[in-house]
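Asks: This is the structure I have questions about; it appears just below.
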Amino acid sequence: MRFLRRSTTDTAAEEPEAAEAVDVAGKAYTPSKGKATPKRREAEAKRRGPVAPPPTTMREAMKRNKELRKANPQSKDERRAAAKARREAMMRGDDKALLPRDRGPVKAYVRDLVDSRRNLLGLFMPLAIVVFLALLVPLPQVQSYITLLCTAMLLVMAIEGFVNGRKIAKLVREKFPKETTNGRSIGWYAFVRASQIRRLRMPKPRLKPGDPIPN
């Protein structure tokens, strides 16, 4: 009977749709995930977890090294060699090995300014030893004289450190006009550097007193 048979027109209309369905199924089609595939570096960083910020003080650096030694046990010789290499790099002034407070061309320039001058602040530590020894002298009159002398020298050192800090901060602004510098921070950094004995300064001084500052 005719009404039970499908017409040729209907069959022809459905043929393109069927062909298209077969076409899609025949290809190696991968449905979208809805987000980009993470890169290998990002995936590895995610597995390792967040990166710890660099240490800001020597005590924090020592604590970090102690934790790393526990996590990655090495032989004593390897640890000594690594510590020696790090210390030598710090003494040379290698920017990567320095603490964040000592990094950058601005801090290197401040160190050169301080190291190229003779400062009374360099006598701060020897003066502290003299004060300690004066306390051991059983003569009150000698103690009073030494205390008065040391107090006067400390006052002169403080004035010298304040004046030098302002001068150095001004020179830094002139040398690095594009850098955002804090005058108090630069002055304090110069004060601490000048108060240390030259042989104990770290990084090691590149200039001797009287040497010109390199451009």
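The values are calculated or read from the model by the stated rules, or taken from the named source; none is laboratory data. Everything numeric here is computed off the predicted structure, so don't read it as measured data. When we count neighbours, we look across all protein chains shown, and the Cβ atoms used for this are built from the backbone with ideal geometry, even at glycine. To get the accessible areas, we keep the full protein, side chains included, count just its heavy atoms, and leave off ligands, DNA and RNA. Shrake-Rupley method; radii C 1.70, N 1.55, O 1.52, S 1.80 Å.
Asks: Could you tell me how many of the residues in segment 132-157 are under 27 Å from residue 185 (Cα atoms) and open to solvent by 100 Å² or more (accessible area, probe 1.4 Å)?
Replies: So the count comes out to 1.
Asks: Look at residue 187 and say whether it is touching a Gly at 6+ places or on another chain (Cβ under 9 Å), under 30 Å from residue 62 (Cα atoms) and without any contact (Cβ under 8 Å) to a residue 60 or more places away in the chain.
Replies: Details: touching a Gly at 6+ places or on another chain (Cβ under 9 Å): yes; under 30 Å from residue 62 (Cα atoms): yes; without any contact (Cβ under 8 Å) to a residue 60 or more places away in the chain: yes.
In short, yes.
Asks: Mind checking which pairs have a first residue in segment 83-100 that is of a type outside the set (D, E, K, R) and a second that is surrounded by 13 or more Cβ atoms within 10 Å (Cβ to Cβ) and part of a helix (DSSP H, G or I), Cβ under 7 Å, 6 or more apart or different chains?
Replies: Between residues of segment 83-100 that are of a type outside the set (D, E, K, R) and residues that are surrounded by 13 or more Cβ atoms within 10 Å (Cβ to Cβ) and part of a helix (DSSP H, G or I), the close pairs are 93/108; 97/86; 97/89; 97/90; 98/90; 99/61.
Asks: If I ask for residues that are exposed (fewer than 14 other Cβ atoms within 10 Å of the Cβ) and under 13 Å from residue 181 (Cβ atoms), which ones from segment 92-118 would you list?
Replies: Result: 105, single match.
Asks: When you scan segment 118-215 for helices (runs of 4 or more DSSP H) that lie fully inside it, which ones turn up with 3 or more residues that are out of contact with any Lys or Arg (no Cβ under 7 Å at 6 or more places or on another chain) and of a type in the set (Val, Ile, Thr)?
Replies: Working: elements: 124-135, 140-175, 183-195.
It comes to 124-135, 140-175.
Asks: Among the listed residues 204, 175, 167, which satisfies the condition of being open to solvent by 60 Å² or more (accessible area, probe 1.4 Å), among the basic types (Lys, Arg) and out of contact with any helix residue (DSSP H, G or I) (no Cβ under 7 Å at 6 or more places or on another chain)?
Replies: Working: 204 fails: out of contact with any helix residue (DSSP H, G or I) (no Cβ under 7 Å at 6 or more places or on another chain); 175 fails: out of contact with any helix residue (DSSP H, G or I) (no Cβ under 7 Å at 6 or more places or on another chain).
Residue meeting the stated conditions: 167.
Asks: Could you please let me know if residue 160 is charged (D, E, K, R) and open to solvent by less than 50 Å² (accessible area, probe 1.4 Å)? Quick ask: steps written out before the conclusion?
Replies: Details: charged (D, E, K, R): yes; open to solvent by less than 50 Å² (accessible area, probe 1.4 Å): yes.
Answer is yes for this residue.
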